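Bear in mind these aren't lab numbers, they're just calculated from the coordinates by the rules spelled out. The model shown is predicted, which means the values in this text are computed figures rather than measured ones. Backbone-built Cβ (ideal geometry, glycine too); neighbour counts: all protein chains shown.
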Amino acid sequence: MTQVLNWPASHDVEKMPVVPLKYYGRWIAAAVLLIVIGGLVTSMITNPRFKWEIVAQYLFNEEILSGLLATIWLTLAAMAIGIVLGTGIALMRISENRVLTSIASGYLWLFRGTPLLVQLIFWYNLSALYPQITVGFPFGPSLGSFDANRFITVYVAALLGLGLNEGAYMSEIVRSGLNSVPVGQREAAEALGMSRFRVMARIILPQAMRVIIPPTGNQLIGMLKTTSLVSVIAMQELLYSAQLIYTANFQTIPLLIVASIWYLALTTVLSIGQYFVERHFGKSDRRSDATPQAEVEDPNHSARSA
Amino acid sequence: MLSSQSGAPGSQEFAVIARGVEKSFGALKVLQGVDLTVGYGKVACILGPSGSGKSTFLRCMNHLERIDKGFLHVGGKLVGYREHAGKLYEMRPNEVARQRADIGMVFQSFNLFPHMTVLQNIIEAPIGVKKLSKAEAIEDARRLLAKVGLTDKADAYPRTLSGGQQQRVAIARALAMRPKLMLFDEPTSALDPELVGEVLTVMRDLAAEGMTMIVVTHELGFAREVGDMVVFMDGGVVVEQGSPSELFTNTKTGRAKAFLSKVL
Ligand SMILES: Nc1ncnc2c1ncn2[C@@H]1O[C@H](COP(=O)(O)OP(=O)(O)OP(=O)(O)O)[C@@H](O)[C@H]1O
Ligand SMILES: [Mg+2]
């Protein structure tokens, strides 16, 4: 089927106006959705049972704000624990020592395999299992012991629960990031005489960051909302503060809206931050200083009529 | 086991001395007793068919691979082992790193650090490993960039460069450590034909300055012109070696003949 196509001379395609394809289906779908959303929003505003005046009244309530603060620091602290722990576990998992890889896999299996809610309640009740916590060597000398009931406060239980659980998830993210860096990078760095630490810190991790950061941003935003789980162990974070208020005044919906507004505000801030951090680590990808792209073909010299 | 002798006769005078070097990957025995001696200031070109163990041998020289058996001296030192009281102790990672700092390596796939600019690629190891001051390292780097003809690319990121330019940066990066020996593993094999020349020119200049070089290559013209010796490897051993004129015009072994007739 090799046939030479001869354009008739009158068909000067280059001079014809172009009519873009019109996507009617998309326009209809968009219009329908706009109407539905508009209806929902109007109903939320006009339905008096949403009680927006109560929402406004409690938005900057002192207890809500202190709950908000607790949510913020809990999120950051748990995430920090998760990242440090996750990096450690990931390094253990890629190590050549079988014992280390097995321990890391076991950790992942345990903390990813049980519900976070269960882990939180478990840590909170740890003192029932170990009334006295002793630090020392197994069967060896003890370095000191303390009262579990006083040590495992709600804060410690919340941090342990969220941080250890997050460590498991972060280790998978860090590991996939480390694996995304080609082996040639490590070899080139080692061939230059860099120490293992330096290779990791200067060559591997910065490149792995581009793979690690987007899902870590998701984890962080997820963590922000997951902290609401610690309300079950009566830690006064944002949701629990709202709950305390609505159990007293029965304004359940308005107070849940108050909490949601704050959660939304925080996730918005985090998303914006994520955008800038990703842009920073993607620096070498932007071709701003690149040699110019191939020139656009000059239409007057196109070979179409040949 | 490694042979216990380490102070081989004249080990200080030669850049590389290999005796009976063996290396296996699992059941696959890739190096089956490689013998090679390369003097300082010499350029040795290693030829041979694919899978003959050329890259593996080169990588053994800076301990990217660990040898199973035999004896390998580079720059007057046993690679990867320290002799003490009649025993050979495997080196710690930081000792290996120190040993590697004197050996430059250039890879087929360039392996520039993509998150760093050309200049940062070059000064990273001199600052981090040799503890040069930043100003000193930058001055060095600019001199090396001029030498490889890339003065204007100091602030470019590697992915914006052509393959030939990337490989020249990789050479400059290795030279920045002021190595006593340069290893090249098929430095032009990943390049478009019209870019091969610019890399070979840089290597030719380097050889003219007296750099000791071991070059795995398929560029017979380069081997003939620049090489002080040509080494033909096949099946994990050195089958034949000699001066280029000797080896190319008066090939002795059948295996080398067969290979050369295919690539010429
Ligand atoms: N890390 C490794 N693990 C397992 N096998 C390997 C490894 N590295 C190399 N090999 C095998 O060792 C053999 C020799 O490889 P090597 O790369 O040294 O050959 P070469 O002579 O450099 O070939 P080429 O010209 O294709 O680069 C090949 O069969 C290869 O598959
Ligand atoms: Mg090879």
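Listing for the model above:
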| quantity | calculated |
| --- | --- |
| Calculated FRET efficiency for the pair residue B:262/residue B:190, C-beta based, R₀ 22 Å, to 0.05 | 0.60 |
| Entries in B:29/B:262; B:23/B:69; B:134/B:180; B:130/B:153 that, when Cα-Cα distance is taken, lie over 18 Å | B:29/B:262; B:134/B:180; B:130/B:153 |
| Helix A:62-93 axis, angle to chain A major axis (alpha carbon atoms, nearest 10°) | 80 |
| Spatially proximal aspartates and glutamates relative to residue B:257 (Cα-Cα < 15 Å; intrachain offsets below 8 disregarded) | B:234, B:240, B:246 |
| Region A:63-281, dipole about Cα centre (Lys/Arg Cβ +1, Asp/Glu Cβ -1), debye to the nearest 20 | 480 |
| Of all DSSP beta bridges in the protein assembly as shown, antiparallel share, percent nearest 5 | 65 |
| Gain in span if fully extended, residue B:40 to residue B:201, counting 0.36 nm per residue against the direct Cα distance | 55.9 nm |
| Euclidean distance between Cα centres, region A:153-196 to region A:84-116, Å | 10 |
| Partners for residue B:147 among aspartates and glutamates (Cα-Cα distance below 14 Å; same-chain residues under 8 apart left out) | B:139, B:198, B:205, B:209 |
| Of A:123, A:199, B:88, farthest towards positive along the dipole that unit charges on Lys, Arg, Asp, Glu beta carbons give the protein assembly as shown | B:88 |
| Student exercise, chain B dipole from Lys, Arg, Asp, Glu Cβ charges, in Debye to nearest 20 | 580 |
| 0 to 90° range, to nearest 10: angle between helix A:24-46 axis and chain A longest Cα axis | 30 |
| Highest average packing first - A:218-231, B:161-174, Cβ atoms within 10 Å | B:161-174, A:218-231 |
| Part-to-part distance (alpha-carbon centres) for region B:150-208 and region B:28-76, which is given in Å | 22 |
| Which of A:103, A:273, A:182, positive extreme of dipole for region A:63-281 (C-beta unit charges) | A:182 |
| Size of charge dipole - the protein assembly as shown - debye, nearest 20, with Cβ of Lys, Arg +1 and Asp, Glu -1, no other charges | 780 |
| Rg to Rh, two decimals, where the protein assembly as shown supplies the alpha carbon set and Rh follows Kirkwood | 1.11 |
